[in-house]
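Working notes, beginning with the structure itself.
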Amino acid sequence: MAFQITIEDTGEVYPCSETKHLLAGMMQLGKKGIPVGCRGGGCGVCKVKVLSGQYTSKKMSRDHVSEEEENDGAVLACRVFPQSDITLSVIGHLHKAITR
Ligand code: FES
C-alpha cells in the first residue's frame, strides 16, 4: 500500500509504498532538477528531515548525516522506507530543486 508523503516546504503530496524509498517516490513528481545521486546513501544530495511519521532506514554515511542530525530526524531519502504517512522537509541540495 502507498503512504502519503507530504513535502512541507511546498505542500506537495506524493505516494510512496513501503517497498520504495522516499527519493524514488519524489522523483515521480516529475520535477526538474531533483538531484539524483548514488541512490545508495553515499553522496548526500537527497537529505531530508522527517518531521512526522514512521519509517525504516538503511545504513547512511556518517559523512552526510551526523549522529546529532539523525537524532533530529535528518535522513537520506534514498535510504528511507515509509511505514506510515510522512511529513518531511527538504534540506541541502534538494531544497533548491524542490522549491524553485
Ligand atoms: S542519492 Fe546519494 S545519498 Fe541519496
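The values are calculated or read from the model by the stated rules, or taken from the named source; none is laboratory data. In this text, all values refer to a predicted model and were calculated from it rather than measured experimentally. We place every Cβ from the backbone using ideal geometry, glycine too, and count neighbours over all the protein chains shown.
Residue pairs, Cβ under 8 Å, 6 or more apart or interchain, first in region 25-40 and over 13 Å from Val13 (Cα atoms), second near the ligand (Cβ under 10 Å from one of its atoms) and β-branched (Val, Ile, Thr). List them.
Once the first residue is over 13 Å from Val13 (Cα atoms) and sits in region 25-40, its partners that are near the ligand (Cβ under 10 Å from one of its atoms) and β-branched (Val, Ile, Thr) give Pro35/Val45; Val36/Val45; Gly37/Val45.
Please go through region 46-74 and pick out each residue that is in contact (Cβ under 8 Å) with a residue 40 or more places away in the chain and surrounded by 20 or more Cβ atoms within 10 Å (Cβ to Cβ).
Cys46, Lys47, Val48
Can you find a residue in region 22-31 that is surrounded by 13 or more Cβ atoms within 10 Å (Cβ to Cβ) and either near the ligand (Cβ under 9 Å from one of its atoms) or modelled with pLDDT of 95 or more (or both)?
Taking every residue of region 22-31 in turn, at least one turns out to be surrounded by 13 or more Cβ atoms within 10 Å (Cβ to Cβ) and either near the ligand (Cβ under 9 Å from one of its atoms) or modelled with pLDDT of 95 or more (or both).
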